Amino acid sequence: MNVKKPSLLILMFFVFAFSYAQQKRRLIWSDEFNYVGLPDSTKWDYEHGYIRNEEKQYYTRKRKQNIWVHDGMLEIKAIKEPFSNEDYQKGSNSWKTADSLVQYTSASINTLGKASWKYGRIEVRAKLPKGAGVWPAIWMMGVNRPGVNWPRCGEIDVMEFVGHDSSHVYGTIHYAKEDGFSHSSSGNKIEVSHPYNDFHIYALEWNKNEMRIFYDDALYHTFNIKSINPGAVKSFRKPFYLLLNLALGGEWGGKIDDNNLPQSFMVDYVRVYR
């Protein structure tokens, strides 16, 4: 049988197309978690204590029971256990400092001061925890947060999941209104099937004009940066850092099922492409 060989022109086209695709998406930062121990200290730092949203977990620092890299994955574990609150203040009425013992521990890591990005694709392959009260998140805030505070720094929630709504994951962008103090948001959710049974890819694609949020290959939210007030636009045209955490309860996480704990947020890799 006489089979025609592909022409040189066609071969050159495919070589060019492959090369162009590689140039369009270039890996510039990653953690593949191919080691054993605490998260790489050159890439990650920790939040510590009670942080936000009146959540019930107390974030520990460099504690193997709550965060550990093994078997090629990062594990963030939420546990029901008594644990000493280092910020305890006798007589305090604050939810952060009123109790000498906390009832739940977990971990939250971030790249602030170690790595940040303006534009690109942020991609995380992860398996979520399950059950009432869990609230894992993959998200980003502006590196100027310590100076200008939230919401003026901007926030990008690449993935949020709450156990009491096990059929959806959420992607949301938060930004300051013109007064610089109150905030607005733009987000959406996608119906999913048991995201805690397997690994899925959660990704953000971000350029000067828009953000796009994905669950695996499904694009489910697009945000037009130019549609918001000028001050907020500027907040999304500067570097952001990445956070990974597993919260419990709080303003959105809701009631915790203690019988469901411990639960783990498993991360296979984090990759950032230019």
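The values are calculated or read from the model by the stated rules, or taken from the named source; none is laboratory data. Computed from a prediction, not measured in an experiment: that's the story for all the values here. Heads up, the Cβs are rebuilt from the backbone with ideal geometry, glycines too, and the neighbour counts pull from every protein chain shown.
Looking only at the range 197-215, which residues are closer than 27 Å to Y59 by Cα and part of a loop (DSSP other than H, G, I, E, B)?
N197, D198, F199
For V270, which of the numbered conditions (1) modelled with pLDDT of 95 or more; (2) within 19 Å of Y170 (Cα to Cα); (3) out of contact with any strand residue (DSSP E or B) (no Cβ under 7 Å at 6 or more places or on another chain) fails to hold?
Looking at each condition in turn, V270 falls short on (3).
Among the residues of the range 174-184, are any in a loop (DSSP other than H, G, I, E, B) and either closer than 28 Å to N259 by Cα or of a type in the set (V, I, T) (or both)?
no
Step by step: first the residues of the range 54-96, then only those that are in contact with a helix residue (DSSP H, G or I) (Cβ under 6 Å, 6 or more places away or on another chain) and part of a loop (DSSP other than H, G, I, E, B), then the one that is nearest to P136 (Cα to Cα). Which residue is that?
Per the criteria, the residue is E55.
Consider the range 216-242. How many of its residues are assigned to a strand (DSSP E or B) and crowded, with 22+ Cβ neighbours inside 10 Å?
Within the range 216-242, residues that are assigned to a strand (DSSP E or B) and crowded, with 22+ Cβ neighbours inside 10 Å number 3.
Just need a number here: residues in the range 27-53 that are out of contact with any Ser or Thr (no Cβ under 8 Å at 6 or more places or on another chain), within 17 Å of W68 (Cβ to Cβ) and in a strand (DSSP E or B).
Number satisfying all stated conditions: 2.
If I go through the range 43-53 residue by residue, how many of them are charged (D, E, K, R) and in contact with a helix residue (DSSP H, G or I) (Cβ under 9 Å, 6 or more places away or on another chain)?
Total meeting the criteria: 1.
Rundown of residues vs (1) over 17 Å from the mean Cα position of the chain (by Cα); (2) modelled with pLDDT of 95 or more; (3) more than 25 Å from W252 (Cβ to Cβ), yes/no style:
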{"position": "V36", "(1), (2), (3)": "yes, yes, yes"}
{"position": "E47", "(1), (2), (3)": "no, yes, no"}
{"position": "N53", "(1), (2), (3)": "no, yes, no"}
{"position": "K56", "(1), (2), (3)": "yes, yes, no"}
{"position": "T60", "(1), (2), (3)": "yes, yes, no"}
{"position": "K64", "(1), (2), (3)": "yes, yes, yes"}
{"position": "I67", "(1), (2), (3)": "no, yes, no"}
{"position": "G72", "(1), (2), (3)": "yes, yes, yes"}
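Given H164, H194, which one is at pLDDT 95 or above, over 18 Å from the mean Cα position of the chain (by Cα) and either of a type in the set (D, E, K, R) or not in a strand (DSSP E or B) (or both)?
H164
Please work out which residue is farthest from K238 (Cα to Cα), limiting yourself to the range 197-226 and to residues that are in contact (Cβ under 8 Å) with a residue 60 or more places away in the chain and hydrophobic (A, V, I, L, M, F, W, C).
F199
When you scan the range 128-161, how many residues do you find that are under 12 Å from the mean Cα position of the chain (by Cα), under 23 Å from D198 (Cα atoms) and not β-branched (V, I, T)?
Selection size over the range 128-161: 9.
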